[in-house]
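A quick write-up on the structure given underneath.
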Amino acid sequence: MDRGPFTLTTLGTGAALPARGRYPTSQILDVHGMLHLIDCGEGTQERMRGAGISFQRIAHVHISHMHGDHYLGLMGLISSMHLMGRRKELFVHGPKELKEVVDIQLRASGTYLRYPLRFRSLPHVNGHVVHADEHVTVTTLALKHRIPCTGFLFKESVGLRGLRREQLHRIPQFKRAAVKAGHDLEFPDGARIPNAELTLDPESPRSYAYCSDTAYEPDLVPHLEGVDLLYHEATFTEAMAGRAKETYHSTAADAARIAAAAGVGRLLLGHFSSRYKSPDPLLTEALGIFPRTVLSHEGGVFPVRTRDGA
Ligand SMILES: [Zn+2]
């Protein structure tokens, strides 16, 4: 059955300080062709160019918090969209301070955007609906960081029921939408064919959770239960657990403990401290606790799959 994409591209996987070959955090989630940009560190535009991602297809930008490595690329992107003639509105979801920062820069440069910039400030709570459309619902995750920091949970909407190929001839064209929506097929003479005879269950919806930046936060577990792909920051290894605590970051083992407790499908690590030339020690540490762990990398593409592999 045809099914739209639900695919994550990691554009930047570094932490606050620059490291050779790594960029600050930014990701693109392609939901049935609509692009959600998640955080926008410096260099995001160049990384998108490198990955062949069109700026104008971005409909929503989600900014987790006001540390520079998560948003300093945003102003450049907003300007480029303007210069490239964007007319379509852009939604930016982020801390309320972000609006002030963007407004002051637009004012200082005398820029009047050609497109509507719709700003929505995020409360620091779990489960606030950021956006919902026919394909996806985005809600907030209350992360635990030095300043208010919000994660995002993307849940695909349940699709329509599939029509059984061998039954198609029994379903008049004008009744197909109702049958896909779960209704029985009724005829004027009172005859009725139960929906189950005509349709297959819809495919299970896919889900993606983004948790960066955060200290170890077990309160997140109930909100992450059964998520298909969990991105969790892993700034340090356990040898640096003290530093992780001090800076409200997680170790790779912390990330794996959250993944294991929530029973997620796959764990994706990122936000690596520049002290690790290679993120392999972080992977090794997490694998010891949660075997379905992978590393993110610049330009990495991760199609989100449900547990049954769909
Ligand atoms: Zn931070």
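Structure notes:
- Flag for residue 148 being over 17 Å from residue 5 (Cα atoms), open to solvent by less than 80 Å² (accessible area, probe 1.4 Å) and of a type outside the set (A, V, I, L, M): no
- Of the strands (runs of 3 or more DSSP E) lying entirely inside the range 110-177, those containing at least 1 residues that are within 16 Å of the ligand (Cβ to nearest atom) are 136-142, 150-156.
- Pairing residues of the range 10-27 that are more than 12 Å from the ligand (Cβ to nearest atom) with residues that are in a loop (DSSP other than H, G, I, E, B) and among the hydrophobic types (A, V, I, L, M, F, W, C), at Cβ distances under 7 Å and at least 6 apart in sequence or on separate chains, gives 11/51.
- Checking 185, 200 one by one, the residue that is more than 30 Å from residue 67 (Cα to Cα), open to solvent by less than 70 Å² (accessible area, probe 1.4 Å) and either of a type outside the set (Val, Ile, Thr) or within 16 Å of the ligand (Cβ to nearest atom) (or both) is 185 and no other.
- Counting only residues that are outside any loop (DSSP other than H, G, I, E, B), touching a residue at least 24 places away in the same chain (Cβ under 8 Å) and more than 14 Å from the ligand (Cβ to nearest atom), the range 39-54 holds 5 of them.
- Hits in the range 244-274 (condition: loosely packed, with under 15 Cβ neighbours inside 10 Å and within 16 Å of the ligand (Cβ to nearest atom)): 246, 274
- On the stretch given as the range 93-107, residues that are out of contact with any helix residue (DSSP H, G or I) (no Cβ under 9 Å at 6 or more places or on another chain) and away from the ligand (no atom under 16 Å from the Cβ) total 7.
- Matching residues, the range 55-92, being more than 16 Å from the ligand (Cβ to nearest atom), outside any helix (DSSP H, G or I) and open to solvent by 50 Å² or more (accessible area, probe 1.4 Å): 84, 87, 88, 89
- Failed criterion for residue 118 (all others in (1) under 21 Å from the mean Cα position of the chain (by Cα); (2) in contact (Cβ under 8 Å) with a residue 24 or more places away in the chain; (3) surrounded by 17 or more Cβ atoms within 10 Å (Cβ to Cβ) hold): (3)
The values are calculated or read from the model by the stated rules, or taken from the named source; none is laboratory data. Worth saying up front: this structure is predicted, and the values here are computed from it rather than measured. Every residue, glycine as well, gets a Cβ built from its backbone with ideal geometry; the counts of neighbours run over all protein chains shown. For accessibility, only protein heavy atoms count, side chains too; no ligands or nucleic acids. Shrake-Rupley method; radii C 1.70, N 1.55, O 1.52, S 1.80 Å.
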